[in-house]
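For reference, the structure discussed in these notes is given below.
The values are calculated or read from the model by the stated rules, or taken from the named source; none is laboratory data. Remember, it's a predicted structure, so these values are computed and weren't measured experimentally. FYI the Cβ positions are ideal-geometry reconstructions off the backbone, even for glycines, and counts take in every protein chain you see.
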Amino acid sequence: MKKGTFSKRWAEWVTQYPIVFITCGVLLALGLGYGGQFITISSDYRYFFGEDNPQRLAFEKLQNVYSKDDSALFVVTPKDGNVFKKNTLSGIHFLTEQAWQLPYSRRVDSITNFQHTYAEGDDLIVKDLVTPEELSDLKNKVSYEKLREIALNEPLLNGLSINADASVTSVNVFMTFPGKHSMEIPEAVAEARKLVDVFKKKYPGHEVHLSGDTMLNNAFNEAGVKDMTTLTPAMYGVIILIMLVLLRSISAVFATFIVMLLSIIGGMGFAGWMGTPITPPSSIAPVVIMTLAIADSIHILKSILVVLQKGNTKRDAVVEGLRVNLKPVFLTSATTIVGFLSLNFSDTPPFHDLGNITSVGVAMAFILSVTVLPAMITLLPLKVRKSNKISNPWGTHVGSWVTGRRKSIAIISSIATILIGLQIPKIELNDEFIGYFSKDNNFRIDSDYTMKNLTGIYQINFDLSSGESQGIADPAFLKKVEEFANFLRNEPMVTHVNSITDVFKRLNKNMHADEESYYKLPEARDLAAQYLLLYEMSLPYGLDLNNQVDVDKSSTRMTANLGFVTTSEIIEIVTRAENWLKKNCPESMHTLASSPVIMFSHISHRNVVAMFKGTLLAFGLITVVMMVALGSVKYGLLSLIPNLVPIILGYGVWSIFVGEAGFTIAIVGSVTLGIVVDDSVHFLTKFNLARREKGLGVDESVQYAFENVGGALVVTSAILVIGFAVLMLSEFKMNYILGALSALTIALALLIDFTLLPAVLSLSGDKKTISNKQSKSNTQ
């Protein structure tokens, strides 16, 4: 079969049977789209971590030993700045009692139901710090001051449930979600918000902020839903407006819109069929698919319009436009799919989902662009003014300018790439999860307030084992636990430490007639065990020590709350703590810290390592594809330059002007790799066509490529840049970074394709035309 025969025959088939191709394309998209009814929204931050993630496994192991809870933290601030007044204490008691009724509530902690202990003769009294009966009797300032003194002198309360000046307090609700359906967390959050509204009406003069793990989970959920419902419509409007301006044809815009819509339906339907939950990262898939689908259509439509301008019939224009673009559009789609599929190397499952959904959407976009699009154009009215002018005369001037300065451009570009690339290692990775959300996000506002005014919500947990059953009563073990707690309290970023030793010291004091001199650890193991047993037997239902002590009393959980910290600071604190345990404690106490914030702190590093491998493989596959497609090892290798340099420059520029990023930065290379290849594929394909079919020299071939594809590259790049820039409207920081850095990289890719690539091609090839070389060889 002669070269190009299949492309031409395919184009002729499409124009001959447009109804058939439209029907088949629509049925394929709708068949996939039917799966959309099975789409679910994930509300679990754990989904960001693979099942074999070591930090996730460590945290789940801790939860299996103690309790598997997510917290909903009600932070209450009386406007008069004093918690210890009857109205506020009554409100806290009301909120505490009502919180027990929230869905999935297992435990509620507050200053009113704190289990206060004291001695009464030979008896140990364990009771709520503030009971309803006492509230009705609290009439004088002395009584309130006594409560204030008890609360602020209690290590388990001060810095956790109440701040140092008693102006802010909290009600902490621990929830256990069975995980039977995806609406459990949204249901609990909705009820918590209703309770806040009820509280504010019943007790005016109080501010209430909601934070905690449950609210974090729900924030991920709401961010994903909001991005899908706001960014996608915004993108539709922007893209349609741009296409109307650039294509100036309602028929062309309508056909492109149908391709775009069906591609999204196919990609998202695939997610439903596969049971893929939607998360903030995967929620942007429709915007990405839309952007990439338009790029395919634009190249074909621009070629059709150019042929029409020359006076050809519409059918001939469609055939020619599809014939010359079938191969490059297939190549760009294939390389884009390779780039997005490489996201499966990521350590973060939501990025696997983004890559897979987008890959299916891109595949659908290719199929529809070479079937439904040309078929619709064949049927729809399409009129353009006839013109014999070069489609984009500026291409000739740019081509001449670049080839005339090829050495200077190559040298300057090389130096700039090296200097800017050297800045990449300076990027600081920061994945503190509150920072994932914009400053006007409700969860971010409430969490920032909590950390500024009450306590740090970042926690690190240590499972400290005595090495024997009932061993937590061993004075030697308790001494080491106390020393470790003091070590953590001396860390500047630590706002509170919850240690079982504080309970033992208080009980020892109580059992010695509340004498302050006995506020210390028990010296005898049997006494310590008896104190703890007596205390546990006195605790009411739901307020036991299962969240601090394991079943056989062999280990205890210590929790440190952290204030505003960066990822690197968290890792440093954890490293110092783990090293302290190794240096100062017996081997049984050597443990690894675990918590959600530690999981997020390691996510960037793990993704950078994993995605380096994935991106490297994608580079290799794409280069091989380019070699085969261009029929030249040399040009295939040269394609590495316009594909690699923009990514280096993008990361480098980001480092210089922003300097900080989260784990999303690890995937930008793979995402943009498959996209920036598109421009170089189209440019090199036209360059190769000029060399082989038209027998032009290198410089003439460069100019030919500029004239025939330069305009389309500008249009598609502009659409891609705008499409990814729309992601900057997201409240979710990771999507913002992905959009901003991808848009920057794509813009730089166009610059490289218009300067460095043609300069390198001009330097690397024979300036003589192929026809001249052939004629010269024939005369010899």
Subset tally (residues that are outside any helix (DSSP H, G or I) and in contact with a helix residue (DSSP H, G or I) (Cβ under 6 Å, 6 or more places away or on another chain)) for segment 12-43: 3
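Conditions tested, residue by residue: (1) touching a Gly at 6+ places or on another chain (Cβ under 6 Å); (2) under 12 Å from residue 455 (Cα atoms); (3) at pLDDT 95 or above; (4) among the polar types (S, T, N, Q).
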site: 161; (1), (2), (3), (4): no, yes, yes, yes
site: 167; (1), (2), (3), (4): yes, no, yes, yes
site: 170; (1), (2), (3), (4): no, yes, yes, yes
site: 179; (1), (2), (3), (4): no, no, no, no
site: 185; (1), (2), (3), (4): no, no, no, no
site: 188; (1), (2), (3), (4): no, no, yes, no
site: 191; (1), (2), (3), (4): no, no, yes, no
site: 196; (1), (2), (3), (4): no, no, yes, no
site: 199; (1), (2), (3), (4): no, no, yes, no
Failed criterion for residue 462 (all others in (1) surrounded by 21 or more Cβ atoms within 10 Å (Cβ to Cβ); (2) closer than 17 Å to residue 212 by Cα hold): (2)
Pairs, first assigned by TED's automatic domain parsing to the domain that holds residue 94 and within 14 Å of residue 86 (Cβ to Cβ) in segment 194-208, second buried (at least 18 other Cβ atoms within 10 Å of the Cβ) and of a type in the set (Ser, Thr, Tyr), C-beta under 8 Å, six or more apart: 203/88; 203/90; 206/77; 206/88
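Given the criterion touching a His at 6+ places or on another chain (Cβ under 7 Å) and β-branched (Val, Ile, Thr), identify the matching residue among 338, 329.
Details: 338 fails: touching a His at 6+ places or on another chain (Cβ under 7 Å).
Selected residue: 329, the only one of 338, 329 that is touching a His at 6+ places or on another chain (Cβ under 7 Å) and β-branched (Val, Ile, Thr).
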Segment 284-302 - residue that is at pLDDT 85 or above and farther than 17 Å from residue 235 by Cα and, of those, surrounded by the most Cβ atoms within 10 Å (Cβ to Cβ): 301
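Of the residues 419, 429, which single one is among the hydrophobic types (A, V, I, L, M, F, W, C) and either surrounded by fewer than 18 Cβ atoms within 10 Å (Cβ to Cβ) or modelled with pLDDT of 90 or more (or both)? Before the answer, list the steps.
Values: 429 fails: either surrounded by fewer than 18 Cβ atoms within 10 Å (Cβ to Cβ) or modelled with pLDDT of 90 or more (or both).
Just a single option satisfies the conditions, and that option is 419.
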Which numbered condition residue 676 misses (of (1) surrounded by fewer than 24 Cβ atoms within 10 Å (Cβ to Cβ); (2) of a type in the set (A, V, I, L, M); (3) in contact with an Asp or Glu (Cβ under 9 Å, 6 or more places away or on another chain)): (1)
Contacts under 9 angstrom Cβ, first residue in segment 572-584 being assigned by TED's automatic domain parsing to the domain that holds residue 464 and over 15 Å from residue 560 (Cβ atoms), partner of a type in the set (Lys, Arg) and at pLDDT 95 or above, 6 or more apart: 584/480
Count of residues meeting criterion [over 27 Å from residue 73 (Cβ atoms) and in contact with a Phe, Trp or Tyr (Cβ under 6 Å, 6 or more places away or on another chain)] in segment 411-448: 1
Where a residue in segment 418-437 is at positive phi and its partner, wherever it lies, is crowded, with 21+ Cβ neighbours inside 10 Å, with Cβ under 6 Å and at least six apart: none
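Within segment 459-471, does at least one residue satisfy the condition of being under 25 Å from residue 159 (Cβ atoms), part of a helix (DSSP H, G or I) and modelled with pLDDT of 95 or more?
Going through segment 459-471, the residues under 25 Å from residue 159 (Cβ atoms) turn out to be 459-464.
Then drop every residue that is not part of a helix (DSSP H, G or I), which leaves none.
No, segment 459-471 has no match at all.
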Any chance residue 604 is under 21 Å from the mean Cα position of the chain (by Cα), under 30 Å from residue 460 (Cα atoms) and at pLDDT below 85: yes
Whichever residue in segment 268-293 is out of contact with any strand residue (DSSP E or B) (no Cβ under 7 Å at 6 or more places or on another chain) and of a type in the set (Val, Ile, Thr) and, among such residues, is nearest to residue 368 (Cα to Cα): 289
Selected residue (criterion: modelled with the lowest pLDDT) from residues of segment 343-365 that are under 28 Å from residue 43 (Cβ atoms) and small (Gly, Ala, Ser): 346
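Can you tell me how many residues in segment 471-508 are over 30 Å from residue 566 (Cα atoms) and in contact with a Lys or Arg (Cβ under 8 Å, 6 or more places away or on another chain)?
Of all residues in segment 471-508, those over 30 Å from residue 566 (Cα atoms) come to 471-479, 503-508.
Within this subset, residues satisfying the condition of being in contact with a Lys or Arg (Cβ under 8 Å, 6 or more places away or on another chain) are 471-475, 505, 508.
Number satisfying all stated conditions: 7.
Go through segment 303-313 and report how many residues are surrounded by fewer than 19 Cβ atoms within 10 Å (Cβ to Cβ) and modelled with pLDDT of 85 or more.
Residues of segment 303-313 surrounded by fewer than 19 Cβ atoms within 10 Å (Cβ to Cβ): 309-313.
Still in the list and also modelled with pLDDT of 85 or more: 313.
Result for segment 303-313: 1.
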Any hit, segment 513-525, residues being under 22 Å from residue 108 (Cα atoms) and of a type outside the set (A, V, I, L, M, F, W, C): no
Pairs, first outside any helix (DSSP H, G or I) in segment 360-375, second modelled with pLDDT under 95 and among the charged types (D, E, K, R), C-beta under 9 Å, six or more apart: 370/296
